[in-house]
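What follows is calculated from the coordinates using simple rules that are stated; it is not laboratory data. Just so it is clear, the structure is predicted and the values come from calculations on it, not from any experiment. When we count neighbours, we look across all protein chains shown, and the Cβ atoms used for this are built from the backbone with ideal geometry, even at glycine.
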Amino acid sequence: MPKIKSHKGTQKVLNVRDSGSIKIGHPGTRHNTGKKNAASNRSGRCASALSKADANRLKKVQF
């Protein structure tokens with residue numbers, strides 16, 4: 001049987017931390033940030049952990 005290929009879209013978005021939790025960034029922080037208020041720009045900088053339900057769902061996908 002061939003090897004299962006890793007999903008390149010999720011590989012570019014998600015990172016696995018040393019603790020095992022999955023790190024994901026906030027959406028809406030790439031461009032057009034001049035019209036957004038400073039608080040939303042600051043909160044978008046720090047990453048957040050993926051929820052437990054989504055982490056269990058994405059365990060099947062190789063990344």
Inset, instruction - Could you order peptides 22-28, 38-44 by the average number of other Cβ atoms within 10 Å of their residues, highest first? - result: 22-28, 38-44
Legend entry - Fraction of the pair-distance distribution of the chain above 20 Å, Cα-Cα pairs, percent: 40 percent
Legend entry - the chain: relative contact order as a whole-number percent, Cα under 8 Å and 6+ apart: 42 percent
Inset, instruction - Let me know the charge dipole size of the chain about its Cα centre in debye, to the nearest 20, where only the beta-carbon of Lys, Arg (+1) and Asp, Glu (-1) is charged. - result: 160 debye
Inset, instruction - Would you check the chain for Lys pairs whose C-alpha atoms are within less than 20 Å, ignoring same-chain pairs closer than 8 in sequence, and give me the count? - result: 16
